[in-house]
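Notes follow the structure.
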Amino acid sequence: MHTKFEFVYSKPLEGRWNQLINVALPNRVLRNKFVKLLSSQYGVIGDRYSIRWADAGADVRFLSESDAASFIMLYTQKADRVRKYPSHHYHGI
């Protein structure tokens with residue numbers, strides 16, 4: 001089974017690329033697996049997809065919505081992290 005990458009968000013685009021998917025890639029090992037997976041499943045970078053790197057992840061832009069959908073369904077997972085906010089009850093003020 002392939003590595004599942006942490007899905008951050010997705011949004012439609014206008015122009016050459018139709019869909020952007022942002023994934024978290026916190027280390028070099030995951031980045032290497034990510035590039036290998038994309039090239040094996042979607043071909044040469046620049047043909048069906050492109051990658052824009054960020055500090056903690058990458059934006060993948062796909063030409064077709066079907067490639068974007070297959071990437072999300074097969075190779076991503078939602079984050080397990082739950083953000084906890086501090087209580088708004090202040091005592092002694």
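The values are calculated or read from the model by the stated rules, or taken from the named source; none is laboratory data. Source: prediction; values computed, not measured. Note that each Cβ is placed from the backbone with ideal geometry, even for glycine, and that neighbours are counted across all protein chains shown.
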(message) Return the pair list, or none, for Cβ contacts closer than 9 Å from residues in the stretch 12-27 that are farther than 15 Å from residue 52 by Cα and assigned to a strand (DSSP E or B) to residues that are polar (S, T, N, Q) and at pLDDT 95 or above, at least 6 apart or on different chains.
(response) 12/18; 12/19
(message) So, residue 47, is that one crowded, with 16+ Cβ neighbours inside 10 Å, acidic (Asp, Glu) and modelled with pLDDT of 95 or more or not?
(response) no
(request) Just give me the residues in the stretch 1-11 being over 14 Å from residue 66 (Cα atoms) and touching a residue at least 60 places away in the same chain (Cβ under 8 Å), in sequence order. (result) 2, 3, 4, 5, 6, 7, 8
(message) Here's a check for you: in the stretch 24-44, which residue that is closer than 13 Å to residue 5 by Cα and touching a helix residue (DSSP H, G or I) at 6+ places or on another chain (Cβ under 7 Å) is surrounded by the fewest Cβ atoms within 10 Å (Cβ to Cβ)?
(response) 37
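Please determine whether any residue of the stretch 61-76 is among the polar types (S, T, N, Q), surrounded by 13 or more Cβ atoms within 10 Å (Cβ to Cβ) and touching a residue at least 60 places away in the same chain (Cβ under 8 Å).
The answer is yes, given that some residue of the stretch 61-76 is among the polar types (S, T, N, Q), surrounded by 13 or more Cβ atoms within 10 Å (Cβ to Cβ) and touching a residue at least 60 places away in the same chain (Cβ under 8 Å).
Report, by residue number, each residue of the stretch 1-23 that is basic (Lys, Arg), over 14 Å from residue 77 (Cβ atoms) and either surrounded by 15 or more Cβ atoms within 10 Å (Cβ to Cβ) or touching a strand residue (DSSP E or B) at 6+ places or on another chain (Cβ under 6 Å) (or both).
11
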